[in-house]
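Values in this text are rule-based calculations from the coordinates and carry no lab data. This one's a predicted model, so the numbers in the text were calculated from it and none came from an experiment.
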Amino acid sequence: MWKTLIVDDERLARSELKRLLQAHPQIEIVAEADSADSARDILAVQPDIALVFLDIQMPGTSGLELAAELRPNLFFVFCTAFDSYALDAFALNALDYLVKPIVPQRLAQSLSRLPAAVAATASDNSQQSYLPDNHGLLLKFGENSRIVRLSEICRFESVGNHSAVYTPYGKSFVLSSLSRIEQRLDPQQFFKASRADIIRISAITALEPGLAAGSMLASLQDGQQIDVSRRQVQQLKTLFGGF
């Protein structure tokens, strides 16, 4: 049984989510909150709450800000209307993102991820916490937003205080520095090619000498060609067993 808290400043939205969750007997709704402050008070006195459904846009403290404060063993699902905002997706490891109005099938899909998330948390004996490949990022593409899994991303590029994200659906941006992103990525899956680029190892299709002495050029499966700095070339050679 998952003791659950619903946080949303709209009473109707809370009521609708409660109605939808009635179809899932493993969920026990133990409290509701209409603000981040109320949620903090509830969580302080009910430490057995394990799951939080969290609205993003609320008066005062936002759902994003509240999520950043939550204890590591507390799972949360964002509920959002996809209004325009910058999401620091790498600071927050949400179980999922649900679009309002919430569709029953998507809610069921979110809840189905709980066992795997619990197992991953229990098996993580290291202090370094890398994001799993099925981690979902909420990204904007023009006027539309969609959830993109980490496994679908082939490259991250530093662009000022943002980072560009290259996906099969186009390029998007997150409000995260490349160094912060690097801290959350599994080095078995991603390689830092230079100060400006991190690329997915499995997306590399070819390697050839670069323009600068000692550098290399990595071709990705989507056609991009990325410079690998001289400092990183030896690491790349080691990664591929030497050549």
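Summary table below
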item: Proximal lysines to residue 237, defined as alpha-carbon separation beneath 30 angstrom and excluding residues fewer than eight positions away on the same chain; result: 171, 192
item: Dimensions in Å of the stretch 176-243 - Rg and Dmax from alpha carbons; result: 11.5, 34
item: Fraction of antiparallel bridges per DSSP, the chain only, in percent to nearest 5; result: 60
item: Kirkwood Rh in Å, taken over all unlike Cα pairs in the stretch 94-232; result: 16.6
item: Angle in degrees between helix 11-21 and the longest Cα principal axis of the chain, rounded to the nearest 10; result: 80
item: Eligible lysines near residue 100 by straight Cα distance, threshold 19 Å, same-chain separation 8 or greater; result: 18, 140
item: The chain: C-alpha pair distances exceeding 33 Å, %; result: 26
item: Distance between the stretch 1-36 and the stretch 148-199 - C-alpha centres, whole angstrom; result: 34
